[in-house]
Amino acid sequence: GAPYFSVNSSGNVAVRPHGSATMDHQEIDLLKVVNKASGGLHLPLPLIIRFPDVLKNRLESIQSAFNSAVESQGYGSNYQGVYPVKCNQDRFVVEDIVKFGSSFRFGLEAGSKPELLLAMSCLCKGSSESLLICNGFKDAEYISLALIARKLSLNTVIVLEQEEELDSVIDMSRKLGVLPVVGVRAKLRTKHSGHFGSTSGEKGKFGLTTTQILRVVKKLEKYGMLDCLQLLHFHIGSQIPSTALLADGVSEAAQIYTELVRLGASMKVIDIGGGLGIDYDGSKSTDSDLSVGYTLEEYAAAVVQAVKHVCDHKSVKHPVICSESGRAIVSHHSVLVFEAVSSSRYSVPSLSSFDVQQLGEHLPEEAHSDYHNLLQSAFIGDREACLAYADQLKQRCVDQFKAGALDIEQLASVDGLCDLAAKTSDPVTTYHINLSVFTSIPDFWGIGQLFPIMPIHRLDQRPNANGVLSDLTCDSDGKINRFISGESSLPLHEVGGKNGMKYYLGMFLGGAYEEALGGVHNLFGAPSVIRVSQSDGLHGFAVTRAMPGPSCSDVLRAVNHEPQVMFQTLKDRIEEYIGDDDEGGVMAGGIAESFHNMPYLTVGSSCFLTVANEY
Ligand code: PLP
């Protein structure tokens, strides 16, 4: 997370939203932000903390890397980026990007009709020169919206993703009386071999082949519209691992660009798509999807050099360079904070709590040797043998139980003993986290992507356990057992510690894609969100926006239930079975409150049922 995150002298994660700590820009203590949100503002966790100043710093850093490359290489045009809204469509994220980027005409990219609508309305507040790139599969309605945007003086480019889209563009632009600006997305031969490049290359899912591009040129020419073709776009995939691959792709695209110039198109912009990678694991390695082997400056220099080289060779005027970096703009700006509420290690019963001796005496004859071998191997610390004997013992006893030779208490004791053997043999502790992996870290579940996860406090204390994280959903995939260290567990502290303090973990670099992809598995909705800026106040920060996550009613509505009707049904039932006296009133009030609350655990606070139990 450098340069935005570090550890301060209190052992807490410190945030440097401006990328450095100076007299003007002090660090923000993340634990203080969480305490303010959950204490002062009563916002339930999990919590997404957004730092708009990080967004500003990311945009300015990308712009300045390209400006330096343009200047140092004597490039004859400039860089003008766009943000692909699909990476995080949150209104405040998009509005911040438009605001922070308007002085250097930073624009937006849309890939669907709702994204286009939001990009159109947001860009009305930005610079009129900012690009509005329309990507994705398009129908006539999408195309007419894009043409209306052009009529509204937004700098809109319709990028053809499929050849057939051109007919609609020609037809609709005539109907609406507006000249379109058209781009083509080229299907490059350059192939990115990582996970994110699986749709790139000649057989890739997106873009036009050279044959199709030539047909587009011919058709535009036929309609006297070749002037409208002004942009060439490609995208070889996210997390491009090296500048060598990047330069290869950009050079290939630049050749197509210069050919389009030769064929008479009024080319102005080369749009290199997304793919500017970020370093999730700090390794700077080029052979994993978790990292990339270049800096921002090296990325910009490689792009500018590749375009310049090809254009100079073909004596073509240098185009405006546009990029559609998403991950690199929004990943760093938010931190997901969640609580570890308990851990299995500390709730494991001790061996003495089972009457081991008595159990041994009551076990059927066949199980005796496994039982003694299990105890023996546990005694000498032979983990593998211990687990093997536990398995055999259990199997034998289950068979006996099925045959009616063992009673349920004996079977429960055997289960307990075997669980204990498994837990004492396995040094990994399961931490239960008040979070849904499916909602908040969907890429971990879906594509095995790893994110930096760590406690946000107690970092001056040596962790005393190795933990895996198990979420709230009743789904075995809802656990995190792979980490950026390459290990299958994370060094963690004891939950609660000496004074019962809450234990908070943070997931970093998840600002791109995770919010947009997360679903409502088990009806766990999105986390609460706060927006935090630096200020001169006591703690050096101010909360500029606070929003609790969706309530149970909200998530129920999302799957077509009607909370009002549901509540009335339950209230009628209460009146019928319990009455409309005090007890019924408390129950109805409690149910109403549950509809209103977030679906996550409310750890430590009292529940209406404890009151209801008094009746
Ligand atoms: N542009 C297009 C067309 C994309 O498909 C994507 C993502 O896959 C992006 C931009 C953003 O890519 P990244 O987040 O790697 O910058």
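Within a 10 angstrom radius of the beta carbon, how do Asp139, Asp415 rank from fewest other beta carbons to most? Provide the component values of the computation, followed by the final result.
Values: Asp139 10, Asp415 13.
If I rank by nearby Cβ atoms, fewest first, I get Asp139, Asp415.
Which distance in Å, rounded to a whole number, links the C-alpha centroids of region 460-475 and region 427-459?
Centre-to-centre (Cα) distance: 8 Å.
By the scheme Lys and Arg +1, Asp and Glu -1, what is the net charge of all other residues having a beta-carbon under 15 Å from that of Asp572?
On the way: positive: Lys571, Arg573; negative: Glu562, Glu575, Glu576, Asp580.
It works out to a net charge of -2.
Which number comes out as Rg/Rh for region 52-331 once both Rg and the Kirkwood Rh are worked out on C-alpha atoms?
On the way: Rg = 17.5 Å, Rh = 18.6 Å.
Ratio of gyration radius to Kirkwood radius: 0.94.
Contour minus end-to-end for Ser72 and Glu384, with contour as 0.36 nm per residue of separation and end-to-end as the Cα-Cα distance?
Values: separation 312, 0.36 × 312 = 112.32 nm, distance 6.23 nm.
So the extension gain works out to 106.1 nm.
Against the globular-protein guess of 2.2 N^0.38 Å, express the Cα radius of gyration of region 211-291 as a ratio, rounded to two decimals. Could the numbers behind the result be given before it?
On the way: Rg = 16.5 Å, N = 81, 2.2 N^0.38 = 11.7 Å.
So the Cα radius of gyration is 1.41 times the expected 2.2 N^0.38 Å.
Give me the log10 of I(q) over I(0) for region 91-200 at q = 0.12, 0.15, 0.18 Å⁻¹, as the Debye formula computes it from C-alpha points; what are the numbers?
Rounded to two decimals, the profile gives -0.45, -0.67, -0.89.
Compute for region 553-612: radius of gyration divided by Kirkwood radius, i.e. Rg/Rh, restricted to C-alpha atoms, rounded to two decimals.
On the way: Rg = 12.5 Å, Rh = 12.4 Å.
Reported Rg/Rh, Kirkwood definition of Rh: 1.00.
Antiparallel DSSP bridges in the chain: what percent, to the nearest 5?
Details: 32 of 66 bridges.
Percentage antiparallel, nearest 5: 50.
How many times 2.2 N^0.38 Å is the alpha carbon radius of gyration of the chain? Provide the component values of the computation, followed by the final result.
Working: Rg = 29.6 Å, N = 615, 2.2 N^0.38 = 25.2 Å.
For the chain, the normalised Cα radius of gyration is 1.17.
Normalised by the empirical 2.2 N^0.38 Å for globular proteins, what value does the Cα Rg of region 431-520 take? Before the final figure, lay out each step's value.
Numbers: Rg = 13.2 Å, N = 90, 2.2 N^0.38 = 12.2 Å.
So region 431-520 has a normalised radius of gyration of 1.09.
At a Förster distance of 41 Å, what's the computed FRET efficiency of Phe567 paired with Arg91, Cβ-Cβ distance as r, to 0.05? If you can, show how the numbers build up before the last one.
Numbers: r = 30 Å, r/R0 = 0.72.
Between Phe567 and Arg91 the formula returns 0.85.
Once you place label points 7 Å from the Cα toward the Cβ at Asp227 and Asp24, how far apart are they in nm?
4.6 nm
Once you put a point 7 Å from the Cα of Ser6 and another 7 Å from the Cα of Lys317, both along the Cβ direction, what distance in nm separates them?
For Ser6 paired with Lys317, the spin-label model returns 4.7 nm.
Just how far, in whole angstrom, is region 23-77 from region 156-179 if you go by their alpha carbon centroids?
For region 156-179 versus region 23-77, the Cα centre distance is 38 Å.
If I take R0 = 25 Å and measure r between the Cβ atoms of Asp475 and Phe595 in this structure, what FRET efficiency does the formula 1/(1 + (r/R0)^6) give, to the nearest 0.05?
0.55
In nm, give the distance between the simple-model label positions of Gln255 and Glu164, each being 7 Å from the Cα along the Cα-to-Cβ direction.
3.1 nm
Give me the dipole magnitude in Debye, nearest 20, for the chain about the Cα centre, with unit charges on the beta carbon: positive for Lys and Arg, negative for Asp and Glu.
Values: 51 positive and 71 negative charges, 651 e Å.
Magnitude of the dipole: close to 3120 debye.
For region 210-268 and region 587-601, what is the centre-to-centre distance using only Cα atoms, to the nearest Å?
Computed from Cα coordinates, the inter-centre distance equals 56 Å.
What ranking of His318, His372 emerges when the number of other C-beta atoms within 10 Å of each C-beta is taken as an exposure proxy, fewest first? Before the final figure, lay out each step's value.
Details: His318 18, His372 14.
The fewest-first ordering by Cβ neighbours comes to His372, His318.
Taking neighbour Cβ counts within 10 Å as the exposure measure, how do Met566, Met501 sort from fewest upward?
Numbers: Met566 15, Met501 12.
If I rank by nearby Cβ atoms, fewest first, I get Met501, Met566.
For an R0 of 45 angstrom, estimate the FRET efficiency from the Cβ-Cβ distance between Arg462 and Asn522 and round to the nearest 0.05.
Details: r = 35 Å, r/R0 = 0.78.
Using R0 = 45 Å, I get an efficiency of 0.80.
Values in this text are rule-based calculations from the coordinates and carry no lab data. Being a predicted model, the structure only gives us computed values, none of them experimental. A quick note on method: Cβ atoms are made from the backbone with ideal geometry, for glycine too, and the neighbour counts reach across all protein chains shown.
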